[in-house]
Amino acid sequence: MTPLLGEYYQSAHGPIPVPTTERGASACREVVEALASGHYRLESRPCLCGSDTARIVARVDRYRLPFPTVLCLRCGLLRTDPRLDADSTEDFYKTHYRRIYERAGHSMSSLYDVQGALAKGRFRFARRHLGALDGMRVLEIGCGGGWNLLPFADAGCAVRGYDYDEEYLHEGSKRGLDLRMGGLSAALAANEKADLILLSHVLEHFLDPQETLHQIRSLLTDKGVLFVEVPNLFAIRDRLMRSLQGVHTYTFVPRTLERLMNRAGWGRVALNPVIQSLWRPASAREPAPWPVDESLARETQRFLLRWQDAHPLLSRMRAVGERLGAAAATIGLLD
């Protein structure tokens, strides 16, 4: 069956909508080889709502890796199916993830400049809704180089972060941050306790986000708060393919994120259209049911098709332009 988004989203060949460097292209080839050899294993799972009735949206992700995106017709949630299993996922993050996501001209200083500006916006969002933050213990899972923690440290917070990438951890440590190897399991083993936990563009990567959200509760102090930021599908218009990432196990819109959080026992403190959000553990003992919402599934299909009808040529032109720009930067034609 042709994917909902058409032939352009079916082939492993053709322009890569989000270009990578030669290091990244090599990592992509290694991923394909690992899949072909069986070193990386795939698994299929039903939607978080329990349904396995889905429509194929795309057969490849934004790097043209063979990770299909499907739309649940019962609740409107997008997911990768099939996806890498747990062991393959962990190896992918340790071995390939950062290489694939690098851009031409990549450097730690430029990365900190870009991410540092975004981190200040996340800090302001938290301060706006939580008030004074000084003295808080702040913990980040999936911290990268720790840029999100810097404004909290500057405000007098005690900060700590966990990630799997040694290069990024080393860079953050040089900036005086307490960054450690590992993910949520490492933080749980260390019996961490925090007043504020950050999951910035991390929740969408979890294989079992509901269970993960249950586990995170044990890391919070009594009045602790969880910050969650994920990409909002409905906020991505002319660059839709950017959101189709094979290691984004789920792709959310505000309604589906809130359903997941409620189901996992969290109550909303704040949620904006960018999907920056704050949550506290809810008092309800029984988890909230995941409602049937076929109207959201139809709305999501209309959004995807409307974008595809309006922008397929633009998307292809932009992809070619980005690749030419990346090639020019690589050989030094651009500053």
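Assorted remarks:
- Among residues of region 291-307 being of a type in the set (D, E, K, R) and under 15 Å from Phe252 (Cβ atoms), the one that is surrounded by the fewest Cβ atoms within 10 Å (Cβ to Cβ) is Glu299.
- Matching residues in region 242-258 - criterion: being of a type in the set (A, V, I, L, M, F, W, C) and over 20 Å from Gln10 (Cα atoms): Phe252, Val253, Leu257
- Residue under evaluation Asp87, criteria (1) within 29 Å of Glu211 (Cα to Cα); (2) more than 20 Å from the chain's Cα centre (by Cα); (3) surrounded by fewer than 15 Cβ atoms within 10 Å (Cβ to Cβ); (4) charged (D, E, K, R), criterion not met: (2)
- Answer residue from region 165-205, given it is among the hydroxyl-bearing types (Ser, Thr, Tyr) and buried (at least 19 other Cβ atoms within 10 Å of the Cβ) and is nearest to Leu139 (Cα to Cα) among those: Ser200
- Flag for Arg83 being of a type in the set (Lys, Arg) and not assigned by TED's automatic domain parsing to the domain that holds Pro68: no
- Condition check for Asp91: touching a His at 6+ places or on another chain (Cβ under 9 Å) and either in a strand (DSSP E or B) or in contact (Cβ under 8 Å) with a residue 40 or more places away in the chain (or both): yes
Residue-wise test of (1) basic (Lys, Arg); (2) at pLDDT below 95.
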residue	(1), (2)
Ala36	no, no
Glu43	no, no
Arg62	yes, yes
Val70	no, no
Arg79	yes, no
Leu84	no, no
Asp91	no, yes
Lys94	yes, yes
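- Long-range neighbours under 9 Å by Cβ, at least six apart or interchain, first residue assigned by TED's automatic domain parsing to the domain that holds Glu90 and surrounded by 18 or more Cβ atoms within 10 Å (Cβ to Cβ) within region 33-51, second outside any loop (DSSP other than H, G, I, E, B) and of a type in the set (A, V, I, L, M): Tyr40/Val31; Tyr40/Ala34; Tyr40/Leu84; Cys47/Ala54; Cys47/Val70; Leu48/Leu260
- Residue ID - nearest to the chain's Cα centre (by Cα), chosen from residues in region 53-81 that are among the charged types (D, E, K, R) and under 14 Å from Thr249 (Cβ atoms): Arg79
The values are calculated or read from the model by the stated rules, or taken from the named source; none is laboratory data. For clarity, every value in this text was computed on a predicted model and none was experimentally measured. Please note: Cβ atoms are built from the backbone with ideal geometry, for glycine as well, and neighbour counts cover all protein chains shown.
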